[in-house]
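Below is one structure, written out as structure tokens; the observations come after it.
The values are calculated or read from the model by the stated rules, or taken from the named source; none is laboratory data. Fair warning: this is a prediction, and the values are worked out from it, not measured in the lab. We place every Cβ from the backbone using ideal geometry, glycine too, and count neighbours over all the protein chains shown. Accessible surface is based on the protein model in full, side chains and every heavy atom, while ligands, DNA and RNA are left aside. Shrake-Rupley method; radii C 1.70, N 1.55, O 1.52, S 1.80 Å.
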Amino acid sequence: MARSSSGLVAGLTAAALAVVGFLAYQASASAPDQFGSPATPSAVPSGQTSGGTGQKPKNPLALPAKSGKGVRVVYALGQRRVWLVARNGKVERTFGVMPSTVSPVPGVYTVTSRSGSVPGSDGVRIEHVVRFASVDSVAIGFSAAVNGSMESPDPDKKTGGVRMKRADGDAMWTFAAIGSKVVVVP
């Protein structure tokens with residue numbers, strides 16, 4: 001009886017390991033690449049054709065068409081996403097953001113000011129503030145909350161902070177000096 005119990009346990013263990021291995025593979029295959037090194041060119045996966053239609057599906061991480069040329073920050077309002085684009089047109093980094101309650105109209109802007117650490121208009125301490133626009137006397141800029149939060153802003157308050165994770169804020173701070181181009185697309 002001990003032999004059949006050992007065999008049963010070994011079989012169940014092997015099956016469990018196979019399931020865990022399969023689930024780990026699925027998780028790694030579907031995880032976004034932007035969690036890797038920010039300078040990795042593979043941070044934006046290429047589109048793949050889907051079976052049936054013959055058309056390439058829209059890649060949500062792909063740099064938006066008609067977003068300019070050269071070194072620039074691209075901010076897609078509808079996608080809630082930012083791309084840091086190098087001189088050669090390669091995306092150095094892309095990441096999701098939490099938009100403010102006041103947004104700039106699509107167009108080309110320039111970074112006008114930066115602040116290392118200040119209180120946000122919502123009272124949250126923020127760092128690496130990169131301002132590029134003003135709408136109805138509300139300064140619009142990218143920033144990261146020191147506490148790491150990316151909560152939705154209070155819809156009753158006029159705020160201009162486009163929030164990002166701290167690591168993304170560090171990358172933005174390094175990338176976007178005063179005078180840098182910011183392209184806002186719908």
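Data overview
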{"read-out": "Relative contact order computed over region 74-151 (Cα-Cα under 8 Å; 6+ residues apart), in percent", "value": "20 percent"}
{"read-out": "Karplus-derived 3J(HN,Hα), 6.51/-1.76/1.60, for each residue of region 106-111, Hz, glycine and proline x", "value": "x, x, 10, 10, 10, 5"}
{"read-out": "Cβ-derived FRET efficiency at R0 25 Å, residue 152 paired with residue 113, nearest 0.05", "value": "0.50"}
{"read-out": "Carbon plus sulfur fraction of accessible area for region 66-186, probe 1.4 Å, in percent", "value": "51 percent"}
{"read-out": "Percentage of interatomic Cα-Cα distances in region 83-186 larger than 25 Å", "value": "12 percent"}
{"read-out": "Under-5 Å amide H pairs with residue 93, H placed in peptide plane, nonlocal only", "value": "84"}
{"read-out": "Full-stretch length increase - residue 166, residue 71 - with 0.36 nm per residue and alpha-carbon distance subtracted", "value": "32.0 nm"}
